[in-house]
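The values are calculated or read from the model by the stated rules, or taken from the named source; none is laboratory data. Since the model is a prediction, treat every value here as computed from it, not as a measurement. Cβ sites come from the backbone with ideal geometry, for glycine too, and all protein chains shown count toward neighbours.
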Amino acid sequence: MKPNPLLDLLSDHCVHSGESLAKQLGVSRTAVWKQIRKVQAEGVEIKTIRGQGYQLVTALDLLDRQRIVERLVGAGSDKVDVMVLKEVDSTNAEVARRLAAFTAAMPVVLADAQTEGRGRRGRNWSSPKGQNLYLSMGLTLRGGFEGLSGLSLVLGVAVIRALNAMGVSGAGLKWPNDLYAGGKKFGGILVEIQGELQEGQVQVIAGLGINVHMTDAVDVDQPWTSLAKHWPDHVWVRNELAALVILEVGKVMEQFQSGGFSEFRQEWQGYDIFFGQALTAKDGALSGTGGGVDAGGNYMLDTNDGRLSVMAGDISLRVSG
Ligand code: BTN
């Protein structure tokens, strides 16, 4: 997505005269007026103050590739190929297309909106424009399919580390890989395997959806929140969050490739919102107490018949009562 110089100038929320905008942008006042009309039509609220000029009303947090990439410099930024789109069907689908085109660097795709955002188990992922983070990364892993065990859990750890790096604490993980705050979901992770195993390597698309500024959602069928709703005192900047998530995913992937999920088990358990809770699984056919994860990332349920491991993808766990 190209940065918009007009919105950049207006982003201080001060009143700017048409004349000064025209001068700074090197265009005529009519061209400024036309640009104002265009962004207004895209949903950005700009007030016209007669005799004075224009003032931005909507709080803006624009995605900007340059601002993301400059935060990655020195941390292997040459190995990632970041693309920021205005709109796409699904960032996971876009990464799949790019992997199919054999790009050398690791594709990272962000979009301001998704028209067919995908959630786990065939669900839609609500993806309104300009509010949230929709981010997918193409990852190449050694060790075949067995090596993938616990991968999605590790990605959840990466997101929490990114939040911690911004000074935000208190986020939790709901097994296998939902991001939670205050008992509500603010994000999810969709891991999709791409193609066949080749020379012991497998390509995986890791898609992360994080509700950042969202205050309304029409098509979400579970209790949800957003970062700005739960942590209203923090100034949320999507470019900063995106860069930190990319960096943390890069770091956890290295650690995961060398040591597997057991490296993260203890940390993951520290974020486990199910631990010690009365849980049911298999639509109530199983019940017990949350006991954390095993070394393979399966969830352990302490039942009357002893400890059972629940495999990701098999069943979902719900707090009973
Ligand atoms: C879930 O159901 O909890 C997983 C949601 C994953 C959503 C993200 S948004 C970016 C990426 N692109 C998609 O189409 N889905 C994932």
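Per-residue answers, yes or no, for (1) modelled with pLDDT under 95; (2) more than 14 Å from the chain's Cα centre (by Cα); (3) farther than 22 Å from residue 213 by Cβ:
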{"position": "80", "(1), (2), (3)": "yes, yes, yes"}
{"position": "85", "(1), (2), (3)": "no, yes, no"}
{"position": "100", "(1), (2), (3)": "yes, yes, yes"}
{"position": "106", "(1), (2), (3)": "yes, yes, yes"}
{"position": "114", "(1), (2), (3)": "no, no, no"}
{"position": "117", "(1), (2), (3)": "no, no, no"}
{"position": "130", "(1), (2), (3)": "yes, no, no"}
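Are there any helices (runs of 4 or more DSSP H) wholly within the stretch 156-272 with 3 or more residues that are at pLDDT below 95 and either surrounded by fewer than 21 Cβ atoms within 10 Å (Cβ to Cβ) or at positive phi (or both), and if so which?
Values: elements: 227-230, 238-259, 265-270.
Hits in the stretch 156-272: 238-259.
Of these, 225, 289, which one is more than 16 Å from the ligand (Cβ to nearest atom) and hydroxyl-bearing (Ser, Thr, Tyr)? Lay out the reasoning, then the answer.
Values: 225 fails: more than 16 Å from the ligand (Cβ to nearest atom).
After applying the criteria, what remains is 289.
Among 44, 80, which is the only one that is in the same structural domain as residue 96 (by TED's automatic domain parsing) and either in contact with a helix residue (DSSP H, G or I) (Cβ under 8 Å, 6 or more places away or on another chain) or farther than 13 Å from residue 10 by Cβ (or both)?
Details: 44 fails: in the same structural domain as residue 96 (by TED's automatic domain parsing).
Going through 44, 80 in turn, just one is in the same structural domain as residue 96 (by TED's automatic domain parsing) and either in contact with a helix residue (DSSP H, G or I) (Cβ under 8 Å, 6 or more places away or on another chain) or farther than 13 Å from residue 10 by Cβ (or both): 80.
Between a residue in the stretch 105-120 that is assigned by TED's automatic domain parsing to the domain that holds residue 204 and farther than 13 Å from residue 136 by Cα and any residue that is near the ligand (Cβ under 7 Å from one of its atoms) and acidic (Asp, Glu), which pairs come within a Cβ distance under 9 Å, given they are 6 or more apart or on different chains?
120/178
Any residue in the stretch 183-212 that is in contact (Cβ under 8 Å) with a residue 40 or more places away in the chain and farther than 19 Å from residue 93 by Cα sitting within a Cβ distance under 7 Å of a residue that is of a type in the set (Phe, Trp, Tyr) and assigned to a loop (DSSP other than H, G, I, E, B)? List the pairs, counting only those 6 or more apart or interchain.
212/236
Which of (1) surrounded by 12 or more Cβ atoms within 10 Å (Cβ to Cβ); (2) touching a helix residue (DSSP H, G or I) at 6+ places or on another chain (Cβ under 8 Å) does residue 28 not meet, given it meets every other one?
With respect to (1) surrounded by 12 or more Cβ atoms within 10 Å (Cβ to Cβ); (2) touching a helix residue (DSSP H, G or I) at 6+ places or on another chain (Cβ under 8 Å), residue 28 is out only on (1).
Can you tell me which residue is farthest from the ligand (Cβ to nearest atom) among those in the stretch 48-93 that are in a loop (DSSP other than H, G, I, E, B) and hydroxyl-bearing (Ser, Thr, Tyr)? Give the derivation first.
Filtering the stretch 48-93 down to residues in a loop (DSSP other than H, G, I, E, B) leaves 50-52, 57-64, 73-76, 86-87, 89-90.
Going one step further and asking which of them are hydroxyl-bearing (Ser, Thr, Tyr), we end up with 58, 90.
Working: 58: 23, 90: 3 Å.
Checked the stretch 48-93; the qualifying residue farthest from the ligand (Cβ to nearest atom) is 58.
For residue 289, state whether it is of a type in the set (Val, Ile, Thr), in a strand (DSSP E or B) and at pLDDT below 90. Talk me through it step by step, then tell me what you get.
Details: of a type in the set (Val, Ile, Thr): yes; in a strand (DSSP E or B): yes; at pLDDT below 90: no.
No: the conditions fail for residue 289.
Could you tell me which residue of the stretch 99-127 is nearest to the ligand (Cβ to nearest atom), considering only residues that are more than 19 Å from residue 203 (Cα to Cα) and assigned to a helix (DSSP H, G or I)?
121
How many residues are modelled with pLDDT of 90 or more and either among the polar types (S, T, N, Q) or farther than 28 Å from residue 87 by Cα (or both) if we restrict to the stretch 1-60?
21
When the residues of the stretch 147-168 are narrowed to those that are more than 23 Å from residue 84 (Cβ to Cβ) and touching a Leu at 6+ places or on another chain (Cβ under 6 Å), which ends up nearest to the ligand (Cβ to nearest atom)?
156
Might you let me know whether the stretch 128-146 holds any residue that is among the hydrophobic types (A, V, I, L, M, F, W, C), within 26 Å of residue 296 (Cα to Cα), more than 12 Å from the ligand (Cβ to nearest atom) and in a helix (DSSP H, G or I)? Explain how you work it out, then say what you get.
So the first thing to find is which residues in the stretch 128-146 are among the hydrophobic types (A, V, I, L, M, F, W, C), and the list is 133, 135, 137, 139, 141, 145.
Okay, now just the ones that are also within 26 Å of residue 296 (Cα to Cα), so 135, 137, 139, 141, 145.
From what is left, the residues that are more than 12 Å from the ligand (Cβ to nearest atom) are 139, 141, 145.
Remaining after also requiring in a helix (DSSP H, G or I): 145.
Looking through the stretch 128-146, at least one residue is among the hydrophobic types (A, V, I, L, M, F, W, C), within 26 Å of residue 296 (Cα to Cα), more than 12 Å from the ligand (Cβ to nearest atom) and in a helix (DSSP H, G or I).
Could you list all residues from the stretch 94-120 that are surrounded by fewer than 24 Cβ atoms within 10 Å (Cβ to Cβ), over 13 Å from residue 81 (Cα atoms) and touching a helix residue (DSSP H, G or I) at 6+ places or on another chain (Cβ under 7 Å)?
Within the stretch 94-120, 118 is the sole residue that qualifies.
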